[in-house]
Each structure stands twice: as C-alpha cells, then as structure tokens.
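Remarks on the structure that follows.
The values are calculated or read from the model by the stated rules, or taken from the named source; none is laboratory data. Please read all numbers here as calculations on a predicted model, not as lab measurements. Here the Cβ positions follow ideal geometry from the backbone for every residue, glycine too, while neighbour counts run over all protein chains shown. The protein model used for the area step is the full one, side chains on, heavy atoms only, and it has no ligands, DNA or RNA in it. Shrake-Rupley method; radii C 1.70, N 1.55, O 1.52, S 1.80 Å.
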Amino acid sequence: MALQTPPLPLVQVLQRRRDRLAQLHPRPVVLWSGQPVARNFRANTYPFRANSHFLYFTGLTLPRVAIRLDQGQLTLFMDDASPESALWHGPTPTRETIAAEIGAIAAYPYQAVEGYLAEAATLPGQGGHNPDLGPDHSPALVEALVALRLYHDDQALGQIKAAAAVSMAAHRAGMAATPGATTEAQVRAAMEQVIIAQGMTCAYNSIVTVHGEVLHNEQYHHALAPGDLLLADVGAEAPSGWASDITRTWPVSGRFSPAQRDLYDVVLAAHDACIAIAKPGVEYRDLHLLACRTLAAGLVDLGVLRGHPEDLVEHDVHALFFPHGVGHLLGLDVHDMEDLGDAAGYAPGRHRSDRFGLKFLRLDRPLADTMVVTIEPGFYQVPAILGPARQSGQYDETVNWARLADFHGVRGIRIENDVQITPTGCTVLTAALPTQAEALEALVSAA
Ligand code: GLY
Ligand code: MN
Ligand code: MN
C-alpha cells in the first residue's frame with residue numbers, strides 16, 4: 001500500500017508560496033487585505049472578503065492588514081483592536097498572535113507600512129482597497145503572481161474540493177426543493193441554506209432562474225411553471241477563500257420535454273467532448289472550439305442549423321446560441337485573477353479576438369498539471385441576439401428559423417463543472433453531481 005504524505009501545516013504551505021514568489025520576483029512586495037466597504041453608512045458594511053493575492057500568501061481573512069514580502073520573509077502591519085472595539089466586535093486576536101500564526105518575522109502598526117513602500121512592488125487598485133500611497137504597479141509582480149497562482153498546490157486543491165463538495169450538496173438540495181417551490185427565490189434559499197450551514201459563503205451571486213438566457217440573471221422573483229427549465233449557477237467559497245462554480249439545468253416538473261431533452265443532450269455532448277480531451281498541453285481555446293463544433297453538429301442534427309459544423313463555427317453561427325466562452329480559471333476567485341485583466345487568462349503575446357464567437361473567451365493558454373478550470377457550455381435563446389440576426393436575413397441559409405420555433409420556450413441551458421488538470425488527463429472535481437438528464441430527473445422527482 002502506498003504511504004500517503006501527510007498534508008503540510010498551513011504555515012509551511014504559506015512559507016513555500018512566499019519562497020517561490022521570492023524566486024520569481026526578487027524585489028520586495030507590499031499587499032493589502034483591504035477595507036470593509038460601507039453599504040449605506042459606515043458601520044453597516046458589505047461582508048468583508050480579503051484580497052485574493054493577500055490571502056494566497058497569508059491565509060488571513062482580516063481587514064486593514066498589510067504585508068511586506070522580502071526574500072520570502074513576511075512583515076505584518078496591523079493594529080490591535082481598540083478597547084472599545086471589544087464592545088461591538090468581541091475579543092480579537094492581537095497583532096503578536098497573528099504574526100506568530102502566519103510566521104511573520106516582524107509586526108508593526110498598520111500605518112507603519114507607509115515607511116516600507118520604497119522599492120516595493122504593489123498591484124493596481126485591488127478594488128479600491130489600497131490606501132492612496134502612490135504605489136508602483138508592477139508588471140513584473142503581475143507576471144510572478146500569475147506564474148504562481150495558475151498552478152495549485154495540495155492545500156489549494158483540497159480547499160477547492162471542499163468548496164465543490166458543498167456546492168454539489170447545494171445543487172442536490174435545489175433539485176429536491178423544486179417540486180415544493182413556487183418561485184426561483186425558494187429554490188435559491190434551499191441551495192444557499194446548505195452553503196451557509198456549512199460555514200461557507202457563495203463565491204459569487206447565485207443565478208437561479210427560469211430565464212437562463214439572461215447570462216448573469218440576479219433576479220429571483222419569477223414563478224416556476226411546470227414546463228420551465230430552471231438554471232442554477234451556484235458555487236460555495238470555503239472560509240479560506242477558495243472557490244467552486246457549478247451550473248445545472250433541470251426541469252421544474254421533474255421531466256424534460258422532448259424539445260428540452262434534445263437541446264440538453266446537445267449541450268451535454270459539448271461538455272463531455274471537452275472533458276474527454278482535457279490534459280496538459282491541450283490548448284483551452286481548442287476545447288472552446290470543440291465545444292462550439294459539437295454544439296453546431298448537434299444543432300445540425302436537430303435541423304436547427306444547416307451546413308458543416310466546422311464552417312458554421314468558422315462563421316460564428318453557433319455563437320447565436322452559445323455567445324460566451326467555454327469557461328475560465330478557478331481558484332481563490334471564481335474567475336481566477338481577472339482583477340489582473342487578461343494577464344492570467346491569456347498567455348503572453350496572446351490577445352482577445354474581436355470575433356463574435358471568441359471575444360468572450362476568458363482563457364487562452366495550454367492546459368497544465370494542477371490548473372483548475374471550468375467547462376461550461378450552454379445553449380441560449382437570447383431575444384436581443386436572435387431578433388436582429390433573423391431580421392438581418394444574414395443567417396437565412398444557415399439557421400432554419402421555422403425549425404427553431406419548435407424549441408420555443410427552451411430559453412437557457414448550461415452545464416458547468418470544475419476540472420483539475422492532472423499529469424495525464426483531468427479529474428472532474430464536481431463529478432459526483434450528475435449531469436445526465438435522467439439522473440437529474442430522478443433527483444428532482446425523488447423529493
Ligand atoms: N458563475 C459564473 C460563471 O460561471 O462564470
Ligand atoms: Mn463559471
Ligand atoms: Mn458558474
């Protein structure tokens with residue numbers, strides 16, 4: 001029996017990350033956790049979430065903390081809580097306690113960081129969390145952070161899996177709650193209840209909607225009708241900040257109609273085709289294009305599109321129904337490191353295409369061991385896209401509009417899983433939540 005190496009204590013994991021940063025970026029670095037943001041007045045704030053780059057090296061979820069990293073050594077800057085703060089917030093750990101916990105070599109009051117900025121590289125903005133100290137926004141630091149955070153260590157993978165497990169339970173709860181629910185809000189509540197009860201938070205605003213064609217729908221008031229498909233894109237974030245991101249689409253009635261089922265299986269074929277070839281060295285853009293061709297081929301088989309899948313994709317006809325990219329990086333952020341623009345998503349020298357079928361592709365790099373990505377193809381009937389496309393007459397040869405009408409009311413389908421690239425292939429971290437239509441029907445009907 002192979003002996004399992006016990007996991008490293010967190011403080012050692014953090015130290016390794018700092019040492020690796022020092023190798024990639026010899027200059028000192030200053031990072032801030034951020035400040036709570038007022039919701040409507042100062043004492044009523046949005047839930048605080050520490051900056052992800054800061055979290056990566058500290059594991060600390062506290063506001064108003066800064067760190068300086070120099071040759072792998074961490075200096076901590078934070079204030080001890082004032083005596084009156086205990087009245088409102090209870091006792092909090094002291095600077096010295098935190099410093100010992102995370103392996104700091106020295107610890108000073110928060111404002112003292114101002115004296116340590118000379119020569120240090122920092123990041124732009126951090127969502128407005130940086131004090132206005134005229135930081136030097138360093139492209140070299142961005143490059144080093146991307147080189148580190150693209151590939152996940154065991155601690156990170158363990159946390160993503162923990163978040164994914166809770167997300168899967170939330171989706172099961174959503175399916176089970178559907179027969180007894182009358183609105184989207186009730187299903188959302190059943191799903192988020194699982195996440196909250198596990199001491200986690202949502203990694204992003206949940207999408208739970210019978211209007212899945214609105215890609216980032218954040219309304220939950222619609223009534224559920226028996227003929228609707230419900231699209232739920234709900235993902236948990238572990239207390240450590242690591243994220244997960246799952247979408248399932250299921251029939252409110254517990255049975256897909258034949259038209260819904262036909263389109264669902266086309267999206268599933270696109271999803272499965274990507275998973276089947278994902279491995280180190282494969283270009284993520286090629287996964288996207290494979291999903292597009294599989295979708296186009298399925299729509300040709302259903303009589304909705306006419307032509308060769310390759311040509312249809314070449315001319316972006318598939319994008320009328322699948323206008324977004326097949327997925328993105330996943331890590332401490334649900335779209336990992338998108339605060340750095342496309343620096344993480346796009347390999348050096350690569351830039352976004354302006355093609356309709358490619359401009360929303362968030363990731364264009366070769367896959368590599370320990371990367372985690374989502375695979376999330378979809379089919380949508382977006383009136384704002386299909387209306388003008390039909391009116392233009394431009395697609396009359398390639399789209400059979402009359403046949404498309406048979407699928408009227410199938411507004412949005414997406415299937416999304418979290419995928420870890422392994423040395424020889426990939427592991428679907430969210431595979432324990434089924435994607436097969438019958439399995440989803442069983443989970444809804446079993447309620
Ligand atoms: N949940 C956001 C996304 O799937 O990209
Ligand atoms: Mn996603
Ligand atoms: Mn998602």
Task: Selected from VAL266, MET191, GLY235, residue furthest toward positive end of dipole (the chain; charges at beta carbon) - done: MET191
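So how do 37-49, 381-393, 7-19, 417-429 stack up, highest first, on mean other-Cβ count within 10 Å?
Per-residue Cβ counts within 10 Å, averaged per peptide and sorted highest first, yield 417-429, 7-19, 381-393, 37-49.
Once neighbouring chains are kept in place and the probe is 1.4 Å, which whole percent of the accessible area of the chain is contributed by carbon and sulfur? Intermediate values should be presented prior to the final figure.
Values: 10790 of 19600 Å².
About 55 percent, which is the carbon plus sulfur part of the accessible surface.
Counting only other residues whose beta carbon sits under 11 Å from that of MET337, what net charge do I get with K and R as +1, D and E as -1?
Numbers: positive: ARG149, ARG362; negative: ASP333, ASP336, GLU338, ASP339, ASP342.
Local charge sum for MET337: -3.
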- [ ] Quick one: accessible surface of TRP250, probe radius 1.4 Å, all protein chains present, in square angstrom to the nearest 10.
- [x] 0
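Tell me the per residue accessible area of the stretch 26-174 using a 1.4 Å probe; a whole number in Å² is fine.
Values: 7150 Å² over 149 residues.
Result: 48 Å² per residue.
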- [ ] Sort THR97, THR209 by accessible area with a 1.4 Å probe, largest first.
- [x] THR97, THR209
Open item on the list: With a 1.4 Å probe and all protein chains kept in place, how much accessible area does ASP301 have, in Å² rounded to the nearest 10?
Closed with: 130
Open item on the list: With a cut-off of 8 Å between alpha carbons and a minimum separation of six or more residues, what is the relative contact order of the chain in percent?
Closed with: 15
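For the stretch 171-274, how big is the tail of P(r) above 22 Å, as a whole percent of Cα pairs?
On the way: 1681 of 5356 pairs.
Roughly 31 percent, once rounded to a whole number.
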Task: For the stretch 265-385: span of alpha carbons on each principal axis (Å, largest first) - done: 41, 30, 23
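Among all helices in the chain defined by DSSP H, which have a length of 24 Å or more along the axis from Cα atoms plus a Kyte-Doolittle mean of at least -0.5?
Numbers: long enough: 154-177 (34 Å, 0.44); 258-277 (29 Å, 0.59); 284-301 (26 Å, 0.53).
The qualifying helices are 154-177, 258-277, 284-301.
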Open item on the list: What number results when the radius of gyration of the chain, computed over Cα atoms, is divided by 2.2 N^0.38 Å?
Closed with: 1.06
Open item on the list: Rounded to the nearest 20 debye, what is the charge dipole size of the chain about its Cα centre when +1 sits on each Lys and Arg Cβ and -1 on each Asp and Glu Cβ?
Closed with: 320
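I'd like to compare 307-317, 212-222: which one has the highest average count of other Cβ atoms within 10 Å, and what's the full order after that?
On the way: 307-317: 17.9, 212-222: 15.6.
Averaged packing, sorted descending, gives the order 307-317, 212-222.
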Task: Mean Cβ count within 10 Å, highest first, over the residues of peptides 164-177, 229-242 - done: 229-242, 164-177
Open item on the list: I need the calculated FRET efficiency for the pair ASP79 and ALA405, taking r as the beta carbon distance and R₀ as 51 Å, to the nearest 0.05.
Closed with: 0.20
Task: Residue among VAL214, ALA169, ALA144 farthest towards the positive dipole end of the stretch 95-243, charges placed on Cβ - done: ALA169
Task: Residue-normalised accessible area of the stretch 208-282, given per residue in Å² at a 1.4 Å probe - done: 33
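With every protein chain left in place, what is the accessible area per residue of the stretch 309-447 in square angstrom, probe 1.4 Å?
Working: 5520 Å² over 139 residues.
Per-residue value: 40 Å².
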